[in-house]
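The values are calculated or read from the model by the stated rules, or taken from the named source; none is laboratory data. In this text, all values refer to a predicted model and were calculated from it rather than measured experimentally. We place every Cβ from the backbone using ideal geometry, glycine too, and count neighbours over all the protein chains shown.
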Amino acid sequence: MKNYSFLIVFVLSQLSFLQTLKAQDCDVYMPQREGAKFEISSYNEKGKKTGRVLYEVLSEDEENGTREWDIKAIFFNAKDKESGSNRFQFKCKSGVFYIDLKNMVPAEQSAMANGDMQVVFEGEDMAFPSGIKSGQTLPDARMKMKLMSGSTAIMSMEVLMKDRKVEGMEKMTTSAGTFDCYKITATSEVNSLFNYTSKSTGWYSKDVGMVRSESYDKQGKLKSYSELTLFEK
């Protein structure tokens, strides 16, 4: 009987240990400490600043082997006036780190909801499996946003990020510092009031997040870019 009781305790302890490992086996592409802040500033093709987003890690929670971080984003326009805020989540589950694509919604669209208006999001988050390698293809990501008035959709926008490929490792320097990054290319398809397709290149660093992102038109001409301008880990 004692051996049986010991076996039960042992098995439960091992399950608990494995669950803890499962929750911690992600390569996390963001600062993890509560209170950490980071800022992404955006520019047009001529280098003129078009806005910035200030992020703060509000909390971290873990349940059933999934770690989740609650993030607050404050949006600023080209005149550096606050234009809205948003809340979204990053999570780590089964060895995959997921970025909530609401993070990618422009400040003007995030701030549109007021009164009887409501912004509704749905889709698949952007995934980063652990141990990514050069030449690896990453899963597609999709986000759909609807501006609703009651049950009526006033406006909608859908973004599909496909053909995500890890090109290799590069160092990237911004005003926030120098970081070792994975260079990842992708194709983005946007369906809204008008449709367009663009190419993008992003540089992502473990425990930091996106360090720089560049967007190009079909001819490969730079149209805009964003980069990390503040990082308080």
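Laid out as a table, the results:
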| quantity | calculated |
| --- | --- |
| Residue tally, condition in contact with a Gly (Cβ under 8 Å, 6 or more places away or on another chain) and surrounded by fewer than 16 Cβ atoms within 10 Å (Cβ to Cβ), over region 78-96 | 2 |
| Close pairs from region 105-132: first farther than 25 Å from Leu54 by Cβ, partner small (Gly, Ala, Ser) and at pLDDT below 85, Cβ under 8 Å, at least 6 apart | Asp116/Ser149; Asp116/Gly150 |
| Those strands (runs of 3 or more DSSP E) lying entirely in region 38-94 with at least 1 residues on the phi > 0 side of the Ramachandran plot | 49-63, 82-93 |
| Top-ranked residue in region 150-176 [being of a type in the set (Gly, Ala, Ser) and surrounded by 13 or more Cβ atoms within 10 Å (Cβ to Cβ); ranked as modelled with the lowest pLDDT] | Ser156 |
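Here is a yes/no grid of residues against (1) in a strand (DSSP E or B); (2) of a type in the set (Asp, Glu); (3) within 20 Å of Glu39 (Cα to Cα); (4) without any contact (Cβ under 8 Å) to a residue 40 or more places away in the chain:
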residue	(1), (2), (3), (4)
Ser156	yes, no, no, yes
Arg164	yes, no, no, yes
Lys171	yes, no, yes, yes
Thr187	yes, no, no, yes
Ser198	yes, no, no, yes
Val211	yes, no, yes, yes
Tyr225	yes, no, yes, no
